[in-house]
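Enquirer: Let me give you the structure first, and then I'll get to my questions.
The values are calculated or read from the model by the stated rules, or taken from the named source; none is laboratory data. Fair warning: this is a prediction, and the values are worked out from it, not measured in the lab. Positions of Cβ are backbone-derived with ideal geometry, glycine not excepted, and every protein chain shown enters the neighbour counts. Note: areas computed on protein heavy atoms with side chains; ligands, DNA, RNA excluded. Shrake-Rupley method; radii C 1.70, N 1.55, O 1.52, S 1.80 Å.
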Amino acid sequence: MTEPFSRRDWIKTLGAASAGALVPLALDIDATVARATAPLVPPDAAPPSVPAPIRVRDVYAPGDIVDLYSTNDVFIPPRGRSWMKFSFDFPEPAVVFGEHRFSILIFTEENTYPLDRTLMKAAGDDNALELTCTGLVWAGGQEKAPGKVTVRFQRTGRTITWDIVAEASKPIKTVTTVIRDVPRGQVSLGGSPLAEARDGDFLGGYTFGAGDLHGAGTPQSMSTAVAIVQASESDYMYFTTQDTRVRPKRYYFQCGERMFRTECIYEHDAWRNDTRVTVPRWQIGHESTFEGAMAPHMAHVERAFNLPNWETRADTPQWMRDIALVLTMHGMHYTGFIFNDYAQQLAILRWVATQIPAERVLVFLASWDGRYYWDYPNYQVPARMGGEKGLRELITEARKLGFKMMPMYGTNSANRKQPIWPKIASGATYKIDGDIYNLNWVDWNNDRHQDGWLTYMNVGEDKWRKHLEGRIADMIERFGVDAYFLDIVGGHVNSTTGDMHEGTRALINNLREKYPNVIGVGEMPYDALYEFIPLYHAGGGDRWRKYARFFQHLSAPAPGRGSTGVHEGGFGRFNEETLGLGPVSIPTLQIVEDTFTKHRQTMSGVIGVAKSRKGIP
């Protein structure tokens, strides 16, 4: 992309709508026909040549109201990967500000509403502009509806912010800003590596796929709500939100010949039924480097979510900072097969204590509580594993040696076939449209059918959170563990039954208040979780090591045949060269039924790497 455009002599709008709609930046008919008959681009093809974008400032003045449709400036039909869309010219009238044309779409549970072009007015100049519209349309513009939208734009250099207030006659669930004239280039979602579009589209969802993790049309899951387009070697355009709460955001980059049609999508709180919604401020801007483009977003995230620095955070005891090795002790599989009972686990730990100081080891008790997931959410000690006597001996003797002990809990999983279900059923997660969210994407019994007896639960609902908190407290009080692991705690879903993030915070804080020396550990973090959880199983990366530390997932292949233990993955490939260890995560050793008996030499190798990384002689 070129350097920032020089200013033209703008025609200022003085409180009324622009004189008339100018012709949109449409493509010629020959090009449209050629695209319609073009084959899809092979995934290994070289990136296509992209014409230079038309400079909006050479065509429009700020505040111009422009007739646009969903089919303008994009490939029809799509040339590469794409997502569902309307099959006709859906109206998207836009206002010009800065280098872009902006459209607003309002979504209720029953329809999609663009602004009424005849009622749009813009007032302001190239630095500040207000768009107002006193009506909406539906049926693709064939019918009118009551509503009001106000958008206030501000520009400083090449940085633009905008604030939206939307009103409708029915509760609003989503408000989308469509941004035209976004230069084509490689795209990063959530700080991920830049990826080439190859004439296809991108869709990212914050967080946990923005609630759409499975099924057709799912987005790339984002752990933080930022997107970046590399417009040129030294021009990185970023898209970010200044929301101070955890709510779904989506970014959709729809490819065209010259540019992206980009959607910045805000989803409102599912447990509310507001007909007037104030959308948290959006911001776009340009920086000369990728990290420079990430910086405004990360600065906001740190402030909004109170993210503490790992080196100084107060909720992290010294023993956790000193951990050199995590042992994942695989217990009972879904089928009831036992990899290691309590007595076997203790025997293994006694040997490990001869290889590395035990106080430098965190023991992760995966599926200590019975059949993996099937027995969720009872969290009772199974007799087949050794009963309460066996578990007490395991934890007591291991802690005497110096080990730190951490049992596993499912933050959001409950088997409806368990007798306790009627007492906790109100904690089920219902997505924003009212559909129940079931954890039904795993074939637990290998009949080649995804089993459907699990419901995805919401810790934002009191009964479920209190049940889970009570089971964890029972373990702490009766057995004296050092930490507890919250499986899929990063699986945030916008639920009608309450604020899942705030429920997670309440769960952690309540337990911390009662048991200040017992630490909550999580899985699959998103940005706001770093405020109150300092250690994670999977997820993260170098950027997030500023706030937390990570160990490897329990499904990582164990030494030997690569068993994933209690996890449904089955078998992977254990890397003998790297010993299955990542470069930055805490070395983690998976212990299944034959690890100690057949692969003790590999265990010694992993322990050796763990000691070396921490400078342990």
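Enquirer: I'd like the full set of residues that are open to solvent by 30 Å² or more (accessible area, probe 1.4 Å), part of a strand (DSSP E or B) and out of contact with any Phe, Trp or Tyr (no Cβ under 8 Å at 6 or more places or on another chain), limited to segment 176-199.
Expert: Across segment 176-199, the qualifying residue is only 186.
Enquirer: Something else about it: Could you identify the single residue in 541, 570 that is more than 22 Å from residue 406 (Cα to Cα) and free of Cβ contacts under 8 Å to residues at least 24 places away in the same chain?
Expert: 570
Enquirer: Follow-up. Checking residue 464 against (1) crowded, with 18+ Cβ neighbours inside 10 Å; (2) over 24 Å from the mean Cα position of the chain (by Cα); (3) under 24 Å from residue 248 (Cα atoms), only one condition comes out false. Which one?
Expert: That leaves (2) as the condition not met.
Enquirer: Quick check on segment 53-84: of everything there that is open to solvent by 20 Å² or more (accessible area, probe 1.4 Å) and of a type in the set (Val, Ile, Thr), which residue is nearest to residue 184 (Cα to Cα)?
Expert: Applying the filter and picking the extreme gives 54.
Enquirer: Restricting attention to segment 585-605, report how many residues are closer than 23 Å to residue 385 by Cα, buried (at least 21 other Cβ atoms within 10 Å of the Cβ) and not polar (S, T, N, Q).
Expert: 3
Enquirer: Right, next: Could you say whether any residue in segment 394-409 is in contact (Cβ under 8 Å) with a residue 12 or more places away in the chain, part of a loop (DSSP other than H, G, I, E, B), crowded, with 16+ Cβ neighbours inside 10 Å and of a type outside the set (Phe, Trp, Tyr)?
Expert: Among the residues of segment 394-409, not one is in contact (Cβ under 8 Å) with a residue 12 or more places away in the chain, part of a loop (DSSP other than H, G, I, E, B), crowded, with 16+ Cβ neighbours inside 10 Å and of a type outside the set (Phe, Trp, Tyr), which makes the answer no.
Enquirer: Would you please list the contacts, defined by Cβ atoms under 6 Å and residues six or more apart or on different chains, that run from a residue in segment 319-334 that is without any contact (Cβ under 8 Å) to a residue 24 or more places away in the chain to a residue that is aromatic (Phe, Trp, Tyr)?
Expert: Listed pairs, sorted by first residue: none to list.
Enquirer: Is it the case, given these coordinates, that residue 173 is surrounded by fewer than 17 Cβ atoms within 10 Å (Cβ to Cβ), of a type outside the set (Asp, Glu), over 16 Å from the mean Cα position of the chain (by Cα) and assigned to a strand (DSSP E or B)?
Expert: When the stated conditions are applied, residue 173 does not pass them.
Enquirer: From the list 571, 550, pick out the single residue that is more than 24 Å from residue 343 (Cα to Cα) and crowded, with 19+ Cβ neighbours inside 10 Å.
Expert: 550
Enquirer: Do we have residue 144 as farther than 25 Å from residue 256 by Cβ and surrounded by 17 or more Cβ atoms within 10 Å (Cβ to Cβ) here?
Expert: No: the conditions fail for residue 144.
Enquirer: Here is a list: 343, 270, 304. Which entry is in contact with a helix residue (DSSP H, G or I) (Cβ under 9 Å, 6 or more places away or on another chain) and closer than 30 Å to residue 371 by Cα?
Expert: Being in contact with a helix residue (DSSP H, G or I) (Cβ under 9 Å, 6 or more places away or on another chain) and closer than 30 Å to residue 371 by Cα holds for just one of 343, 270, 304, which is 343.
Enquirer: If you don't mind, there's one more thing I want to ask. Considering only segment 72-118, how many residues are outside any strand (DSSP E or B) and of a type in the set (S, T, N, Q)?
Expert: Qualifying residue count for the region: 5.
Enquirer: Further, regarding this structure: Has segment 137-160 got any residue that is touching a residue at least 60 places away in the same chain (Cβ under 8 Å) and either touching an Asp or Glu at 6+ places or on another chain (Cβ under 7 Å) or in a strand (DSSP E or B) (or both)?
Expert: yes
Enquirer: Which count do you get for residues in segment 320-353 that are in a helix (DSSP H, G or I) and either among the small types (Gly, Ala, Ser) or open to solvent by less than 40 Å² (accessible area, probe 1.4 Å) (or both)?
Expert: Number satisfying all stated conditions: 9.
Enquirer: Quick check: is even one residue across segment 527-542 within 25 Å of residue 347 (Cα to Cα), open to solvent by less than 30 Å² (accessible area, probe 1.4 Å), under 18 Å from the mean Cα position of the chain (by Cα) and not charged (D, E, K, R)?
Expert: yes
Enquirer: Does at least one position in segment 479-495 carry a residue that is farther than 24 Å from residue 406 by Cβ, of a type in the set (Val, Ile, Thr) and either open to solvent by 20 Å² or more (accessible area, probe 1.4 Å) or part of a strand (DSSP E or B) (or both)?
Expert: No, there is no match, as no residue in segment 479-495 is farther than 24 Å from residue 406 by Cβ, of a type in the set (Val, Ile, Thr) and either open to solvent by 20 Å² or more (accessible area, probe 1.4 Å) or part of a strand (DSSP E or B) (or both).
Enquirer: Same structure, new question: If you go through segment 575-584 one residue at a time, do you hit one that is in contact (Cβ under 8 Å) with a residue 60 or more places away in the chain, open to solvent by 20 Å² or more (accessible area, probe 1.4 Å) and over 25 Å from the mean Cα position of the chain (by Cα)?
Expert: For segment 575-584, residues in contact (Cβ under 8 Å) with a residue 60 or more places away in the chain, open to solvent by 20 Å² or more (accessible area, probe 1.4 Å) and over 25 Å from the mean Cα position of the chain (by Cα): absent.
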